[in-house]
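What follows is a set of notes on a single structure, which appears directly below.
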Amino acid sequence: MRGADYVIRRTGAALLTVFVAVTLNFVLFRAVPGSAVTALRCFHCTKQFKAALEQELGLNQSMWQQYTIYLGSLAEGDLGTSFTDHRSVWQNLKEPIMNTLPMLVIATVISVVMGVAAGVVSAWRRGTRIDRLNTWAALSFYAMPTQWIGLMVVFYIALRFGFPVAGIRDPTLGILEEPSTWTVIADRLRHLALPALTLGIGLYGEYALIVRSSMLETLGEDYVLTARAKGLKNFNIVWRHGLRNAMLPLVTLIALSFGYILAGAIVIEEVFSYPGIGLAVINAIDQRDYPVLQGAFLLLTFAVIFFNFVADLLYFKLDPRVTA
Amino acid sequence: MSTRGPVLRVEDLHVWFDLPGGELHAVQGVSFELHAGERLGLVGESGCGKTTSILACIGLLPPNASVAGRVYLNDRDILEGGESTVAPHRWKDVAMVFQGAMNAFNPVKRIGDQIAEPMELHRTAKGRAARTRVVELFEMVGIAPERVDRYPHEFSGGMRQRAAIAMALACNPQVLLADEPTTALDVMVQAQILELLVQLSEELGLALVLVTHDLPVVAQTCGRAAVMYAGRMVEDGATTDLYHDPKHPYTRLLFSATPDLYAQEHIVSIPGVPPRLDRDIVGCPFQPRCDRAFAPCPTIAPPFVTVAPRHAAACHLNDVALERTQ
């Protein structure tokens with residue numbers, strides 16, 4: 001069957017990619033000169049102490065042994081232990097990830113909705129003033145650095161309309177009384193609204209341009225003329241015959257740009273002091289907390305692979321011509 | 001031919017395209033009429049305005065085109081009120097088969113659904129009834145009914161064109177406008193599709209306009225042919241009359257430029273190129289290429305008039321012939 005075969009192949013490809021990513025992740029951090037132990041500079045860091053530490057961290061074993069140990073612990077879901085607070089890496093990363101994910105989802109929704117709307121309108125009104133305006137806006141926002149958009153959002157939106165500009169939770173919440181679930185959710189949404197908006201604006205431009213050109217191509221197809229001859233009205237032509245075909249490149253683009261979205265998130269979380277995965281990575285770099293860094297990289301890699309896998313399945317669902 | 005009036009009557013149709021380089025007068029006063037069950041071949045070189053004319057009839061030209069003239073469907077002018085008067089007739093009364101057999105269907109939707117779409121749109125059938133109708137149409141054009149749920153890429157070129165014809169028949173139209181329906185197909189499939197069109201027009205009393213640059217196709221399919229040149233009608237008459245007794249030099253040269261398997265003569269090409277349509281044409285548009293041009297041709301445009309029973313042409317030579325016989 002077309003479906004089962006395809007899913008099996010794609011799953012296999014995704015798993016293979018994960019394995020390669022894990023291996024690269026291991027090699028990359030070992031390729032850096034020195035180790036967590038040689039980097040230590042402290043009064044009581046004697047040779048004996050360092051040797052003991054190497055023993056404890058397993059750094060005195062051969063690369064191959066380290067690799068198999070790494071794989072083994074990964075298979076058990078053990079990402080290692082943080083150098084700084086000695087909690088497990090997963091404990092360190094769980095909360096930031098949970099903070100970042102909803103922000104990313106909302107940002108993606110904002111950018112896709114804005115991008116598709118702008119692109120479709122532009123394509124449909126090609127060459128008119130609204131098309132030119134749209135295209136220029138999209139190009140401009142595409143070209144703007146995300147952190148700069150973030151600063152502008154803080155200046156012109158947050159301060160004017162009273163949105164919080166830092167953190168993820170109102171510190172006064174829950175001091176006087178236990179807040180209701182709704183209050184907590186509303187507070188969370190207020191905090192992630194602006195980072196998500198910033199990221200969404202930073203991304204929408206590219207989507208709008210892609211949707212515009214893809215929609216223009218689709219609207220020039222014979223089946224669109226056929227649809228008009230069949231008596232379909234403009235809206236239905238775009239909705240039933242244009243959009244789905246024009247969306248195909250966008251599905252791939254969103255999946256491919258997921259890595260970029262995460263990178264954008266790192267910068268934006270810094271601007272908004274949003275305690276997400278981006279801020280966690282920055283802190284880990286500051287403190288040379290290699291296990292956390294390594295764990296974060298690995299999880300991000302998994303996320304990118306996962307979303308590409310989802311895009312593949314979606315593409316398959318959307319386009320009956322895709323076989324294997 | 002029925003005794004009732006024509007199903008489709010086109011009068012003095014003009015089309016201008018507003019292009020960056022200026023205005024292009026693509027169709028310059030085309031008139032023809034078509035009765036139920038009649039098959040008209042619309043022939044001419046590329047760019048002579050054949051496709052533009054039929055797209056204009058049903059209001060399908062792009063926004064940069066302006067149209068003048070009258071198109072009567074059963075004696076009602078459908079272009080009169082613009083989009084609002086022409087839209088209800090699309091597909092319901094006047095359906096089309098396009099050149100791109102490969103691309104007339106949306107690649108991501110099932111063929112059956114796409115055929116049912118106009119029925120639901122024009123409320124001729126819906127749901128299960130529409131599906132029954134699709135199966136019926138499939139049988140009519142010779143496709144196995146179990147293929148209704150297939151996607152376009154699973155059909156061969158010929159089958160896709162059959163399906164396109166089935167789709168055109170979905171709402172029982174009176175007029176079928178076929179724009180080069182066989183160009184993309186190989187000769188065997190081409191013959192089958194033409195045969196199908198002839199058979200359907202006879203069985204259903206369908207008036208057919210077949211746009212093509214392929215004269216043998218017209219000879220094989222249509223009782224009547226109209227020849228277009230530079231946006232104008234130059235000759236209109238029974239196909240046999242046009243072949244044996246052309247009343248316009250262009251028609252004659254067009255036939256001699258067509259390869260014939262049994263003929264002994266050489267193929268003659270017509271020297272020169274058609275005139276530019278973005279500037280006014282003085283005199284007969286064909287005159288610079290005509291082998292029989294004479295005094296009035298460069299200055300006076302010949303009117304499109306009846307020169308014999310059911311035979312019209314636009315050429316000064318016919319006036320001379322007429323004078324001689326008088």
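The values are calculated or read from the model by the stated rules, or taken from the named source; none is laboratory data. All values reported here derive from a predicted model rather than from experimental measurement. With ideal geometry, Cβ positions are generated from the backbone for all residues, glycine too; neighbour counts draw on all protein chains shown. What goes into the accessible areas is simple: the full protein's heavy atoms, side chains included, and nothing from ligands, DNA or RNA. Shrake-Rupley method; radii C 1.70, N 1.55, O 1.52, S 1.80 Å.
Basic side chains Lys and Arg get +1 at the Cβ, acidic Asp and Glu get -1 at the Cβ, and with that the dipole of segment A:67-146 about its Cα centre reaches some 680 debye.
Using only Cα atoms and rounding to the nearest 10 degrees, what angle (0 to 90) does helix A:89-124 make with the longest principal axis of chain A? Value to nearest ten degrees: 20. In segment A:86-242, one over the average inverse separation of all distinct C-alpha pairs is 18.4 Å, which is the Kirkwood hydrodynamic radius.
Count neighbours as other Cβ atoms within 10 Å of each site's Cβ, and list the trypsin sites (Lys or Arg not before Pro) in segment B:105-196 that are DSSP loop with at most 14 such neighbours. Write down the numbers at each step before the final one.
On the way: sites: B:K109, B:R110, B:R123, B:K126, B:R128, B:R131, B:R133, B:R147, B:R150, B:R160, B:R162; in loops: B:K109, B:R110, B:R123, B:K126, B:R150.
Listed in order of number, the matching sites are B:R123, B:K126.
Hey, if you put +1 on the Cβ of every Lys and Arg and -1 on every Asp and Glu Cβ in the protein assembly as shown, which of B:A226, B:F17, B:A116 ends up farthest toward the positive end of that dipole? Going by the charge dipole, the pick is B:A116.
Want the number for A:T323 to A:H44: 0.36 nm per residue separation, take away the alpha-carbon distance, what's left? Display every interim value, and only then the final one.
Details: separation 279, 0.36 × 279 = 100.44 nm, distance 6.33 nm.
That works out to 94.1 nm of additional length.
Rounding to the nearest 20 debye, state how big the charge dipole of segment B:1-110 is about its Cα centre with +1 on each Lys and Arg Cβ and -1 on each Asp and Glu Cβ. Working shown, then result.
On the way: 10 positive and 12 negative charges, 123 e Å.
My answer is approximately 580 debye.
In whole angstrom, note down how far apart the Cα centers of segment B:180-210 and segment B:2-58 are. Result: 20 Å between the Cα centres.
Dipole of the protein assembly as shown computed with +1 at Lys/Arg Cβ and -1 at Asp/Glu Cβ about the Cα centre; of B:F98, B:P145, A:S82, farthest Cα towards the positive end is A:S82. Gaussian network model of chain A, Cα springs within a sub-10 Å range: biggest mean-square fluctuation belongs to which of A:G162, A:G295, A:G205? Result for chain A, Cα springs under 10 Å: A:G162 fluctuates most.
Any idea of the total accessible area buried by the B-A contact, 1.4 Å probe, rounded to 100 Å²?
Working: alone 15970 and 18900 Å², together 32820 Å².
Buried area (both sides, nearest 100 Å²): 2100 Å².
Note on the protein assembly as shown: semi-axes of the ellipsoid equivalent to its C-alpha gyration tensor, largest first and rounded to whole Å, are 70, 27, 24.
Taking amide hydrogens as placed 1.01 Å from N in the peptide plane, the amide H of B:R232 sits under 5 Å from those of B:Q28, each at least 5 positions away in sequence or on another chain.
Loop only by DSSP, 11 or fewer other Cβ within 10 Å of the Cβ. Give me the chymotrypsin sites (Phe, Trp or Tyr not before Pro) in segment B:280-326 that pass, ordered by residue number. Write down the numbers at each step before the final one.
Working: sites: B:F286, B:F294, B:F304; in loops: B:F286, B:F294, B:F304.
Listed in order of number, the matching sites are B:F294.
Within chain B, the proportion of C-alpha pairs whose separation exceeds 35 Å stands at 23%.
Once you keep just the Cα pairs under 8 angstrom separated by 6 or more residues, what percentage relative contact order results for segment A:179-293?
Numbers: 60 pairs, mean separation 26.0, N = 115.
Relative contact order here is 23 percent.
Of B:K92/B:K126; B:K50/B:K109; A:K230/B:K50; A:K233/A:K317, which sit over 23 Å apart, Cα to Cα?
Details: B:K92/B:K126 14 Å; B:K50/B:K109 30 Å; A:K230/B:K50 20 Å; A:K233/A:K317 26 Å.
Exceeds cut-off: B:K50/B:K109; A:K233/A:K317.
Once backbone amide H atoms are built at 1.01 Å from N, B:R224 has B:R39, B:G41, B:T239 as its partners under 5 Å, excluding neighbours fewer than 5 places away on the same chain.
In segment A:52-86, which GluC sites (Glu not before Pro) are in a loop and have at most 14 other Cβ atoms within 10 Å, using DSSP for the loop call? Mind showing how you got there, number by number?
Details: sites: A:E54, A:E56, A:E76; in loops: A:E76.
Loop-located and lightly packed - A:E76.
Extents of segment A:1-138, largest first, come to 76, 49, 27 Å (Cα atoms, principal axes, whole angstrom). Computed from the C-beta positions of B:H266 and A:V310 and an R0 of 45 Å, the FRET efficiency is 0.10 to the nearest 0.05. Each Lys and Arg Cβ is given +1 and each Asp and Glu Cβ -1; about its Cα centre, chain A then shows a dipole of about 1180 debye. The peptide list B:195-203, B:135-143, put in order of mean Cβ contacts within 10 Å with the highest first, becomes B:135-143, B:195-203.
Computed over chain B with a Gaussian network model linking Cα atoms closer than 10 Å, the most mobile of B:V305, B:V268, B:V218 is B:V268. Each 10 Å bin from 0 upward holds the following percent of the Cα-Cα pairs of chain A: 5, 20, 24, 23, 17, 7, 2, 1, 0.
Per residue, the convex hull spanned by the Cα atoms of segment B:165-212 amounts to 67 cubic angstrom.
Within chain B, the selection of entire DSSP H helices by a Cα span of 15 Å or greater along the long axis and an average Kyte-Doolittle value of at least -0.5 returns B:111-121, B:127-141, B:157-168, B:187-204. When peptides B:232-243, B:68-79, B:307-318 are sorted by average Cβ neighbour count within 10 Å, with the highest value leading, the order is B:232-243, B:307-318, B:68-79. Counting Cβ atoms of other protein chains within 10 Å of each residue's Cβ and taking the mean over peptide B:150-156 gives 2. Look at the stretch A:217-224: the mean tally of other chain Cβ atoms within 10 Å of its residues' Cβ atoms is 4.
Taking every residue in B:105-117 and counting other chain Cβ atoms within 10 Å of its Cβ, the average works out to 4. Considering only DSSP beta bridges whose two residues both sit in the protein assembly as shown, what percent are antiparallel, to the nearest 5? Taking every DSSP beta bridge with both residues in the protein assembly as shown, the antiparallel ones total about 65 percent.
A Förster radius of 41 Å, combined with the Cβ-Cβ distance separating A:I185 from A:L243, puts the computed FRET efficiency at roughly 0.80. Positive end of the dipole of segment B:55-142 (Cβ unit charges, origin at the Cα centre): among B:C57, B:A129, B:T85, the Cα lying farthest that way belongs to B:A129. Using only alpha-carbon positions in segment B:60-201, the gyration tensor eigenvalues give semi-axes of 26, 18, 14 Å once each is multiplied by 5 and square-rooted (largest first). Computed with the Debye formula from one identical point scatterer per Cα of segment B:179-326, without solvent, the log10 of I(q)/I(0) at q = 0.12 Å⁻¹ comes to -0.58.
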